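The values are calculated or read from the model by the stated rules, or taken from the named source; none is laboratory data. Computed from a prediction, not measured in an experiment: that's the story for all the values here. Glycine gets a Cβ as well: all are built from the backbone with ideal geometry, and neighbour counts include every protein chain shown. Side chains are part of the model used for accessible areas, which takes the heavy atoms of the whole protein and leaves out ligands, DNA and RNA. Shrake-Rupley method; radii C 1.70, N 1.55, O 1.52, S 1.80 Å.
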Amino acid sequence: MFKIVSYRTSVVMTTKSGLITDSFKVVKKARKVTKKDKGPIAPSQDTVTETCQHEEQQKLQQFDLDWRFGPSTGISRLQRWERAKLHGLDPPEEIRDLLLQNQTDPEYNLSLWREYPL
């Protein structure tokens, strides 16, 4: 019960001079450089330093969050480390070394809870 209808259409080919692209200038894009073209890239000194600082900050945050060494609000990280050592709580020496190397930097010296009121 299907009816097939055939329509005849004529296709008119235009000449090359009549194309729309003839009125625009052809601009070739520069080829993008891929990873294969670049070769291996060594990490820059800044990236290595940032990574090292991030790892150090993570260790200090873990020290701040570890309640075995007593409360950390209201005192510096070095004061907390010294207090924990005085009470025989055996705080990590690595934390003390980090704190002594960066005594003037508030990111290292002050605890994670420094912005909260007492």
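Key figures
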| read-out | value |
| --- | --- |
| Considering residues of the stretch 73-87 that are open to solvent by 60 Å² or more (accessible area, probe 1.4 Å) and part of a loop (DSSP other than H, G, I, E, B) only, the residue nearest to Gln61 (Cα to Cα) | Thr73 |
| Filter result (among the hydroxyl-bearing types (Ser, Thr, Tyr), farther than 11 Å from Arg80 by Cβ and open to solvent by less than 40 Å² (accessible area, probe 1.4 Å)) within the stretch 97-115 | Tyr108 |
| Which listed residue is of a type outside the set (D, E, K, R) and surrounded by 14 or more Cβ atoms within 10 Å (Cβ to Cβ), from Gln45, Gln53 | Gln53 |
| Residue match in the stretch 43-55 (condition: over 16 Å from Asn102 (Cα atoms), in a loop (DSSP other than H, G, I, E, B) and either free of Cβ contacts under 8 Å to residues at least 40 places away in the same chain or in contact with a strand residue (DSSP E or B) (Cβ under 7 Å, 6 or more places away or on another chain) (or both)) | yes |
